[in-house]
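Okay, so here's the structure we're looking at.
Nothing in this text is a laboratory measurement; each read-out follows from the coordinates by a stated rule. Bear in mind the structure is a predicted one, so any value in this text is a computation, not a measurement. No Cβ is skipped: glycine too gets one built from the backbone with ideal geometry, and neighbour counts run over all protein chains shown.
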Amino acid sequence: MDQMDFSAIRHRVKLLEDTGRSRLFENRDAVACPVCGQPFDQALVSRNDTEQLAPDAGLSLCLHRGTDRMVVFTHADDS
């Protein structure tokens, strides 16, 4: 699986936060998650060794580990 190039899809996602070592994007155009193929809600791209997450109840996560970064894709469970 190739790494997702967020700069190539920048017109389809919104950058919500950039700390220099991690970036949080919001999906604005039903971009598919490279792990499960379903549109993701948000994506956290991190080059940090550790990250603390506090997902809401009813939230599914997909993880993709690249050579130099980890990407966490969130999916709201539609009930």
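Summary of computed values
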| read-out | value |
| --- | --- |
| Dipole magnitude of region 13-76 about its Cα centre (Cβ charges: Lys, Arg +1; Asp, Glu -1), debye to nearest 20 | 180 debye |
| Reported label for calculated log10 I(q)/I(0) by the Debye sum over Cα atoms at q = 0.12, 0.17, 0.18 Å⁻¹ given (i) -0.31, -0.63, -0.72; (ii) -0.57, -0.90, -0.94; (iii) -0.55, -0.77, -0.81 | (i) |
| Fewest-first ranking of LEU16, LEU44, using other Cβ atoms within 10 Å as the exposure measure | LEU16, LEU44 |
| Estimated FRET transfer efficiency when R0 is 25 angstrom, pair LEU15-ASP41 (beta carbons, to 0.05) | 0.95 |
